[in-house]
Ligand code: UD1
């Protein structure tokens, strides 16, 4: 009998589900893995399974791209019959992507328990699709695992019983520690040894979907590149928009790479002088690596990276980005320390809790 049906769908899910699957296997919890296919390119998906030793998915929904409504609806439609045939005791979802809310919603309505890993993070910015996914997933989850203590206060504010919440640390950082020694040296990924460089990642709709915002960002990145070479692994959404808006000339002088595999990206970040990003996960990974991070957003759902880590919020304003960059060049950037429980054992804490929780949660909830 399958006890836990684990769900992964998009790139940022894969590094979170890998240690969870390993810990469930190690503690003897019967689990299956379902891939929704939200991300489907080899570079955005398959490579991560190989790099991280994630077992081949037991189920693949192959939903592909679409508007948020289409993508979420397709996952829901295709997930329901799988859930009905597998009949797990619980569905485990990670993070905040469309696949997360889609599968959680189907499970909750079928009376199947929902476990949310990386619960309670809040940017308080409802313009972010991920924020909607986080709030809704947490509301319908039975067991919520959090990465930092601020998440508990967020959940309590939304009326969630703290008895259902457990602080376990960060499973994505489990993956980082587990793979650090295998990380590909940056000179190999770059094809040349750069004495110092910055890594940029950019894909948030708020930064890349508006031509003027994207152009202004690329201009200031161009200025930075004149001082410190900028390496840009280019997300498909961003690549498409740069071409559509006629901005290709603005990235000519940067070192452009395709979306990278996990071990390449890890090595590239580890060896960087600075990371500029609008990703959620990279704010945490740079904190764990001790590399200064300038986050090109006005808010973060991961405040511990600001208080304890190496992260600084700079938004999309060119003057603020320039000033923060100058500061890193003069003083080396924020040193930071490793947040509590980001120790490589988060997934094992989850598995141990589930060992006790699953027998009590047995039986389908009254729908
Ligand atoms: C999604 C997640 C976001 C995460 C990001 C990481 C949601 C709401 N957003 O955003 O939280 O940080 O993934 O990448 O779930 N595409 C490809 N190949 C792929 C996947 C996508 O070419 O394998 C293209 C799509 O056709 C689309 C664009 O990339 O044009 C965006 O993909 P999509 O999954 O819709 O959203 P992301 O912006 O990647």
### Summary
For the chain, the longest principal axis of the Cα atoms and the Cα long axis of helix 318-331 enclose an angle in degrees, to the nearest 10, of 80
### Query
Along the Cα-to-C-beta direction of residue 308, a point sits 7 Å from the Cα; which residues of the range 172-194 have their amide N less than 15 Å from that point?
172-174
### Task
Round to the nearest 10 and give me the degree value, 0 to 90, for the angle of helix 11-26's Cα axis relative to the longest principal axis of the chain.
40
### Task
List the residues of the range 199-237 whose backbone N lies under 19 Å from a point placed 7 Å from the Cα of residue 70 along the Cα-to-Cβ direction.
205, 209, 236-237
### Task
Pop a pseudo-label 7 angstrom from the Cα along the beta-carbon direction at both residue 43 and residue 210 and give the gap in nm to one decimal.
2.7
### Protection proxy ranking, peptides 349-361, 85-97, 255-267, average beta carbon neighbours within 10 Å, highest first
85-97, 255-267, 349-361
### Query
Roughly how many Å is it from the Cα centre of the range 173-193 to that of the range 92-135, as a whole number?
30
### Query
So how do 287-293, 53-59 stack up, highest first, on mean other-Cβ count within 10 Å?
287-293, 53-59
### Query
Per residue of the chain, what 222 nm ellipticity follows from adding -39500 (n - 2.57) for every DSSP H run with n ≥ 4, rounded to the nearest 500?
-13500 deg cm²/dmol
### Query
At a Förster distance of 22 Å, what's the computed FRET efficiency of residue 87 paired with residue 109, Cβ-Cβ distance as r, to 0.05?
0.90
### Query
Between the helical axis of 68-86 and the dominant principal axis of the chain, each derived from Cα atoms, what acute angle in degrees is found, rounded to the nearest 10?
40
### Task
Rounded to the nearest 0.05, what FRET efficiency do residue 136 and residue 1 give with R0 = 35 Å and r taken as the Cβ-Cβ distance? Could you check?
0.75
### Task
Please report 337, 6 as a ranked list, fewest other C-beta atoms within 10 angstrom at the top and most at the bottom.
337, 6
### Query
What's the exposure ranking of 24, 294, going from fewest to most Cβ atoms within 10 Å?
24, 294
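Each value in this text was obtained by applying a stated rule to the coordinates, not by laboratory testing. No experiment lies behind these values; they were computed from the predicted model shown. We place every Cβ from the backbone using ideal geometry, glycine too, and count neighbours over all the protein chains shown.
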